[in-house]
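The values are calculated or read from the model by the stated rules, or taken from the named source; none is laboratory data. As the structure is a prediction and not an experimental result, all values here were calculated from the model. Please note: Cβ atoms are built from the backbone with ideal geometry, for glycine as well, and neighbour counts cover all protein chains shown.
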Amino acid sequence: MKKIIQILLCSTLVAVAATSCATDLPVVPEPTRGADYSYTDLRGVDLSGASLTIANFDLSDLRGALLVGADLSRANFYGAELSGTDLSGVNFSEANLRDAVLAGANLTSTNLSGANLTGTDLSGSTLNRTIFEGAIIAGTSFRDADLRSADLKFSDLDLFGVDFTGALFGPADLRNVLLSGGTLASADLSRADLSGADLSRTNLAGADLSGTDLTGTNLNLAILDRAHLD
């Protein structure tokens with residue numbers, strides 16, 4: 001009798017545990033074009049390789065989600081939380097990432113062409129071979145981001161007020177870029193091409209400008225304290 005009670009008790013505990021686990025899992029709609037994931041807890045969900053064009057992820061939490069290789073073109077991510085997430089190979093072309101948090105994310109080979117990055121937090125992110133062509137960049141934070149191998153296409157862009165504090169650029173093409181009033185403090189711009197750029201009133205304190213092409217660059221009222229210019 002005692003053994004029967006023990007078996008019944010164990011069975012009950014297993015059932016309760018299974019129910020609890022099932023309850024804890026987020027309810028996710030089928031990954032399809034135009035699906036609505038807004039305001040959803042998607043932490044740890046596997047959407048790798050999924051085709052989710054025009055899907056809505058506004059204000060959703062995707063930290064730790066598996067999104068490698070997913071097609072998220074023209075999707076909405078307003079205010080979404082993606083910090084620390086592996087976003088390598090993701091297609092974000094023409095996606096709305098306004099005010100989204102991608103701090104510390106891995107965006108290796110990620111396509112951000114034509115994406116809206118207004119107010120997006122990309123601080124500390126890895127941007128190797130990331131494509132930015134035609135992206136809207138305003139009030140974006142690239143603080144401490146690694147841009148050394150990114151396909152920036154920042155030349156001729158207006159990057160007023162963008163924060164590049166401590167960012168790693170390397171030999172980037174920044175010709176004719178408009179960065180007036182921006183922040184490049186402690187950034188590594190060694191061997192970058194800043195010819196014809198407008199860096200007036202830009203904070204370049206502590207920046208590494210060694211070997212940088214500053215031909216025709218406007219440095220009027222720029223802050224150059226402790227900057228390396230040799």
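Descriptive notes on the structure:
- Every condition in (1) buried (at least 19 other Cβ atoms within 10 Å of the Cβ); (2) over 20 Å from ASP146 (Cα atoms); (3) of a type in the set (A, V, I, L, M, F, W, C) is met by LEU66 except one, and the failing one is (1).
- Which listed residue is within 17 Å of GLY139 (Cα to Cα), under 22 Å from the mean Cα position of the chain (by Cα) and assigned to a loop (DSSP other than H, G, I, E, B), from GLY181, GLY161: GLY161
- Yes/no for THR217 being more than 23 Å from the chain's Cα centre (by Cα) and free of Cβ contacts under 8 Å to residues at least 40 places away in the same chain: yes
- Considered as a group, the residues in the range 76-89 that are in contact with a strand residue (DSSP E or B) (Cβ under 7 Å, 6 or more places away or on another chain) and in a loop (DSSP other than H, G, I, E, B) include one that is nearest to ASP36 (Cα to Cα), and that residue is PHE77.
- The residues of the range 96-110 that are over 14 Å from PHE77 (Cβ atoms) and over 8 Å from the mean Cα position of the chain (by Cα), listed by number, are THR108, SER109.
- Inside the range 179-213, residues that are under 11 Å from PHE169 (Cα atoms) and of a type in the set (Asp, Glu) make up a count of 3.
- If the condition is being within 19 Å of GLY89 (Cβ to Cβ) and either buried (at least 20 other Cβ atoms within 10 Å of the Cβ) or in contact (Cβ under 8 Å) with a residue 60 or more places away in the chain (or both), then the range 51-63 contributes LEU52, ALA55, PHE57, LEU62.
- The lone exception for THR212 - which of (1) buried (at least 20 other Cβ atoms within 10 Å of the Cβ); (2) closer than 20 Å to GLY124 by Cα it fails: (2)
- Some residue of the range 160-173 being over 27 Å from ASN76 (Cβ atoms), among the charged types (D, E, K, R) and touching a strand residue (DSSP E or B) at 6+ places or on another chain (Cβ under 6 Å): yes
- Top-ranked residue of the range 165-178 - restricted to ones that are at pLDDT below 95 and either of a type in the set (Ser, Thr, Tyr) or in a loop (DSSP other than H, G, I, E, B) (or both), ranked as nearest to ASP121 (Cα to Cα): PHE169
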